[in-house]
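S.K.: This is the structure I have questions about; it appears just below.
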Amino acid sequence: MSDSFEEMDELGAELRRLPTPMPPAALVERVRRLAHLELAERADERLNRLVLAFLLAFSWTVALFGFFAVRFVATGTLSAIGLAALQGPEGPSLAWSFTYFASVWMTGAAVFVILGLYSRKQRRTA
């Protein structure tokens, strides 16, 4: 029985002396290339999120300036905006304008959320 233990120890020592197998260079390069592609894709996704956030903020800002420009052209003065009293001398048009632009803002936010959920779902399935 001690012979079998000595034999096993000797076999283990011989196995340790064998050179460590190295993967082929082509395989190593392929794995590196795939890793670089994955990192580039993640960076691109982050950039896409930033671009979407910028476009959403830009569209909200343009809508807000458009609202004020329409009110200025319609009344000829900025003091007639009167956001506190949504019904001025021109009737309920201010209330409708405000409602329209608020709905556009909320729709933009909803689209942003839906696009985020869709991209997250696509990442999970890939």
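S.K.: Taking 0.36 nm per residue of separation and subtracting the Cα-Cα distance, what length does fully extending Leu39 through Trp60 add?
M.R.: Full extension of this stretch gives 4.4 nm more.
S.K.: Oh, and also: Take the alpha carbon gyration tensor of the range 1-46, find the square roots of its eigenvalues, order them as a ≥ b ≥ c, and report rounded if a/c is under 1.5; if not, report prolate when a/b exceeds b/c, else oblate.
M.R.: It is prolate, given that a/c is not under 1.5 and a/b is the larger ratio.
S.K.: Modelled label-to-label distance, Arg46 and Ser103, 7 Å Cα→beta-carbon offset: nm?
M.R.: Label at Arg46, label at Ser103, 3.9 nm between them.
S.K.: Using a Förster distance of 25 angstrom, determine the FRET efficiency expected from the C-beta separation of Ser119 and Arg30, and round it to 0.05.
M.R.: Computed FRET efficiency for Ser119 and Arg30: 0.40.
Read the figures in this text as sums done on the coordinates, not as results from a lab. Predicted model, so just to flag it, every value in this text is computed and none were measured. For neighbour counting, all protein chains shown are included, and Cβ atoms are generated from backbone atoms with ideal geometry for every residue, glycine included.
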